[in-house]
Amino acid sequence: MKNLSFVSLALFLSHLMPVLAVKDYTCGGVVIPAKKIRKEIKKKYYSLPIQYDHQYSATGERDRVSFDFVPPAKAGSSKLSVDIGYDMRLEITSMTVTRDSQVIDCY
């Protein structure tokens, strides 16, 4: 019985991990909050049609979402264009951020 409880707990926690995996990204001195990233990914993900004849890889890129992020006035920089690729588990697979047509490194 204990083994079954442990397996159930492990499955439940592994299901939640993608939600917890998104973090704040700092791009060119501007912090893009994890909450904003999650919101944009979920909005795009839930608007996609279900393709019944297509099998998706769990780790392969499912789709991309693009949005503009305007930093707070105190940051004093222009808007950032964010392009994020994500997989079926809503984990980020790639991220490209540009400001004034120049790619910015994020960490």
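The values are calculated or read from the model by the stated rules, or taken from the named source; none is laboratory data. Keep in mind the model is a prediction, meaning the values are calculated, not measured. A quick note on method: Cβ atoms are made from the backbone with ideal geometry, for glycine too, and the neighbour counts reach across all protein chains shown.
Residue count for region 49-102 satisfying the condition of being over 14 Å from the mean Cα position of the chain (by Cα), over 18 Å from Asp24 (Cα atoms) and aliphatic (A, V, I, L, M): 3. Within region 27-76, the set of residues being touching a strand residue (DSSP E or B) at 6+ places or on another chain (Cβ under 7 Å), of a type in the set (Val, Ile, Thr) and exposed (fewer than 12 other Cβ atoms within 10 Å of the Cβ) comprises Thr59 only. Of all residues in region 33-65, those satisfying the criterion of being part of a loop (DSSP other than H, G, I, E, B) and farther than 23 Å from Tyr107 by Cβ are Leu48, Pro49, Ile50, Gln51, Tyr52, Asp53, His54, Gln55, Tyr56, Ser57, Ala58, Gly60.
Taken over region 66-107, the residue count meeting the criterion of being in contact with a Ser or Thr (Cβ under 9 Å, 6 or more places away or on another chain), among the aliphatic types (A, V, I, L, M) and assigned to a loop (DSSP other than H, G, I, E, B) is 2.
Taking Thr26 as the residue in question, decide whether it is in contact (Cβ under 8 Å) with a residue 60 or more places away in the chain and either assigned to a loop (DSSP other than H, G, I, E, B) or out of contact with any helix residue (DSSP H, G or I) (no Cβ under 8 Å at 6 or more places or on another chain) (or both). Answer is yes for this residue. Evaluated against (1) surrounded by 15 or more Cβ atoms within 10 Å (Cβ to Cβ); (2) modelled with pLDDT of 85 or more, Val22 falls short on exactly one condition, (2).
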